[in-house]
1. Fewest to most neighbouring Cβ within 10 Å: what's the order for 130, 326?
2. Count the DSSP beta bridges whose two residues both fall in segment 94-238, then state the antiparallel fraction as a percent rounded to the nearest 5.
3. Please work out the FRET efficiency for the pair residue 109 and residue 224, using the Cβ-Cβ distance as r and a Förster radius of 22 Å; give the result to the nearest 0.05.
4. Subtract the Cα-Cα distance of residue 67 and residue 20 from 0.36 nm times their separation in residues, and report this length gain in nm to one decimal.
5. For the chain, what is the percent of antiparallel DSSP beta bridges, rounded to the nearest 5?
6. Provide the gained length on full extension for the span residue 35 to residue 56, in nm with one decimal, where the gain is 0.36 nm per separating residue minus the Cα-Cα distance.
7. Note down the nm distance, to one decimal, between modelled labels 7 Å out along Cα→Cβ at residue 160 and at residue 314.
8. Under the rule a/c < 1.5 gives rounded, and otherwise a/b versus b/c splits prolate from oblate, where does segment 274-360 land using the Cα gyration tensor?
Ligand SMILES: *Cc1c(COP(=O)(O)O)cnc(C)c1O
């Protein structure tokens, strides 16, 4: 194998080479301290500076208003499925959920353990091939928030426009945070695991409006309260130091190439190229309905499962890894997050066209 191949993995996912190069130096001797990055105390001046810079960059790139806290937590995005209803609902309360895939379903399950999830829409009967329009559902008046997943990593669907509601929005942006410009203000809370579009696994970013920090019922244990972490700048206990540091490097890289507005243009173009290749022939068939198509995870099928597995094998030989679709829907999936190079998309299209000619 060459040093780098095109890695279409859905997450952990490809990172910019320059980020990996910097991390590999710093892991042995950080900034001439004579200590490796992962050996620094989280209370040291060096690490505190890293954490502060990472947060400041995230605030700048996403234009996060001052009345929102930014937290770096552990436990993955999946822990947020429970922490959100624990902190924002509590027994006897209700929130509205849109069921657009596996990750939404898992969040609904957790919400129902703590409180009540009112599922206002589900695309499950259509193999989650779309996200709803505004007119397709209504939010119960007694709901505390409207929960949705902005990009459905497994099915390759994405909300082009966010839901609009009088209720605050709560959103799982694990697989498309920082991929396009957003307005934070309608959101009470946004969360994202780092390992898709921000860095390595190990940190989950939570962006929470600060007035929500005092809502948590007294019965919630200390580590599961957002306020615990907000009050201590995510340093109540040892934070995921390496992940925070690497997120910082990824954010510097993103800022250097022009920030979120610029990467959005690049992402739109990359996805459009691939969808165009899929639409050009009957050999490939996109899974998502056109108006729900994701810019991040492009899901498609071939005429048979046999051809699909042959494509995965041949693709790997040709230097394209991670194209096998999730086991719950099969088919193929190309995950092309921010750090995935445009040239990789162009080369994959050439490979796909060749494959279709040979096997069509
Ligand atoms: C990957 C993913 C998750 C799960 O993330 P973990 O950090 O593994 O818990 C949740 N939601 C979405 C949208 C994802 O893509």
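1. Numbers: 130 20, 326 17.
If I rank by nearby Cβ atoms, fewest first, I get 326, 130.
2. That works out to approximately 30 percent antiparallel.
3. 0.80
4. Difference between extended and current length: 13.6 nm.
5. Restricted to the chain, the bridges split so that about 50 percent are antiparallel.
6. The residue 35-residue 56 span can extend by a further 5.1 nm.
7. Taking the two extended label points, one gets 3.2 nm.
8. rounded
Each value in this text was obtained by applying a stated rule to the coordinates, not by laboratory testing. Bear in mind that the values here come from a model prediction, so they are computed numbers and not experimental data. Neighbour counts are summed over all protein chains in view; Cβ atoms, including those assigned to glycine, are modelled from backbone coordinates with ideal geometry.
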